[in-house]
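A short write-up of the structure that comes next.
The values are calculated or read from the model by the stated rules, or taken from the named source; none is laboratory data. Remember, predicted model here, so these are calculated numbers, not experimental data. All Cβ positions, glycine included, derive from the backbone under ideal geometry; neighbour counts span all protein chains shown. Heavy atoms of the whole protein, side chains included, go into the accessibility calculation; ligands, DNA and RNA do not. Shrake-Rupley method; radii C 1.70, N 1.55, O 1.52, S 1.80 Å.
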Amino acid sequence: MSYLKIQNLLAGTGVSAGFYHAVEPYLYRRRYGEQKDYAGASVFRKQVSFVESGLFACWQEAGYGDDILADFVVPGDLVFSVSGLFGFKTRVYSFLKAIEPTELICLSMNDAKRIWQEQPEAEKVLRYFFHRKEERRQAHNRMLLMRPPYRFEAFQAEFPDIWYRLPNRLICAYLRMSETSLLRSKRQA
C-alpha cells in the first residue's frame, strides 16, 4: 500500500515501520481536480496529507492584497496545518491550488495528534518535513536575489522533475519575473 512509499521516502530518518503500521488503518484517499479546486487552509486544519501524485501551488495572502506564490507541493511532500496540529495562531492565510489532478493520502488531524503523542519516532517525521520545507524556502529566497537567467537555472535545479509541467505564468509568479524575461531565460538555458 502507499504508506510503503512514505516509508521509502523517510528511510534515512530512522523512523521505524511500527509508526506506519499504527497509521495504516486510518489512511484514506482524497483527490483534487485540476485548477478548479482549491484546498483552503481550513481543509488542512482537519487532516494531514501525503502527496502521492500531482502538483499543488501554495499561495499566501500578502498584506497589500495580492496573493504570492510561495512554494510548490510535489509528490513526497507532507501537507498539514501547523496551527491545526500544534494549536498555534497564524497571521498568514495560505491556500493550495491543484495545478493538475492530485491524489493525497490523508489522516484526520485527531488521529495524527494521537499518533504523534503515542509514537516517539513521529517527531523525526515532522523534523524531516520541516527541514525540507525550510531548505526550499531558503533556496527560493536565494533565487530571488539572482539575475533572471540564473534565477531560472536555479529553479530548474530545485524542481528538476516538475518545472517543464508548470505553466509559464506560475513560474513567473514564483520567480517574480516577467514572462518576457522567462522566455529569454528559457532560450538561453
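For the stretch 90-189, the Stokes-Einstein estimate of translational diffusion at 4 °C and a viscosity of 1.567 mPa s comes to 79 µm²/s, using the Kirkwood hydrodynamic radius over alpha-carbon pairs. Remark: the stretch 90-189 carries a charge dipole of roughly 580 debye about the Cα centre, counting +1 on each Lys and Arg Cβ and -1 on each Asp and Glu Cβ. Between residue 130 and residue 30, full extension at 0.36 nm per residue minus the direct alpha carbon distance yields a gain of 33.7 nm. Label reach from residue 176 (point 7 Å along Cα→C-beta): in the stretch 148-166, no amide nitrogen lies under 11 Å. Among 26, 128, 174, the sequence by solvent-accessible area, most first, with a 1.4 Å probe is 26, 128, 174.
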